[in-house]
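> This is the structure I want to talk about, given as structure tokens.
Only the coordinates and a few stated rules stand behind these numbers; no lab work does. A quick note: this is a predicted structure, and the numbers were derived from the prediction, not measured. Ideal geometry is used to build each Cβ from the backbone, glycine not excepted, and the neighbour counts take in all protein chains shown.
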Amino acid sequence: MSADIRIRPVREGDWDAIVALEARAYADHGLSEGREALRSRHAASPGTCYVLEHVGGVGGYLLALPYPLFRSPDLSLGERPGAARPGARPSNLHAHDLVIAEELRGRGLAPRLMRHLHDTARTAGYRTVSLVAVLGAQAVWARLGYRARPEIGLPESYGPGAVYMAMPLRPAGAHALPALTDLTAVPTLATELG
């Protein structure tokens, strides 16, 4: 990553920039969640939410939270504090929202943010990462190893054309594992992901 861009955890002072980026990316498509819903996703898992710091400001962000495999947050609802039972953390990390500022797009920053998230997820013991592809982004996520699961129902708030996608993670420190898209080579994950 270039010296003028770094990945760091979300800070309190980042929210105006995050909300502005989110609104520019999604409001015209009816997919904007708003400040409180975004903050609730962060509150559910601050250790898996990041910004791209660029010249002292926010050039992008990624919000991810533990979520059961084959389920996704409803864009019209925030996360309820304390909704997850202690000790019942899902083995799936859901990459809920990723936005890169318009002027920084085309520099490979979204894949870098996702690699950072995958590394964090592996280290924390997650087995899969999921997301919902919106606005025709399925091909982008497929190139990163995500498999479309069109049979998985989504909340209506995602609108038509949204597709649930998931990818198995190889364990931290594992060597010579099969390609992430070869689900048949990882039987337990093949069973979970289909």
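> Write out the trypsin sites (Lys or Arg not before Pro) in region 1-62 meeting two conditions: DSSP loop, and at most 16 other Cβ atoms within 10 Å of their Cβ.
Here the trypsin sites (Lys or Arg not before Pro) that fit, given the DSSP loop and packing criteria, are ARG11.
> Also, I was wondering about something else. Using alpha carbon centroids, what distance separates region 99-127 and region 1-79, in Å?
12 Å
> Once you order the gyration tensor axes a ≥ b ≥ c over the Cα atoms, which shape class does region 1-60 get: rounded for a/c under 1.5, otherwise prolate or oblate by comparing a/b with b/c?
Oblate is the answer for region 1-60, as a/c is 1.5 or above yet b/c matches or exceeds a/b.
> On to the next question. Tell me, what is the FRET efficiency for GLU151 and ALA124 to the nearest 0.05, using R0 = 25 angstrom and their Cβ-Cβ distance as r?
The pair GLU151/ALA124 has a calculated efficiency of 0.35.
> Could I ask something else about it? Can you give the extra length, in nm with one decimal, that the chain gains between ARG6 and ALA27 once fully stretched, where that is 0.36 nm per residue apart less the Cα-Cα distance?
Here the segment from ARG6 to ALA27 would lengthen by 4.9 nm.
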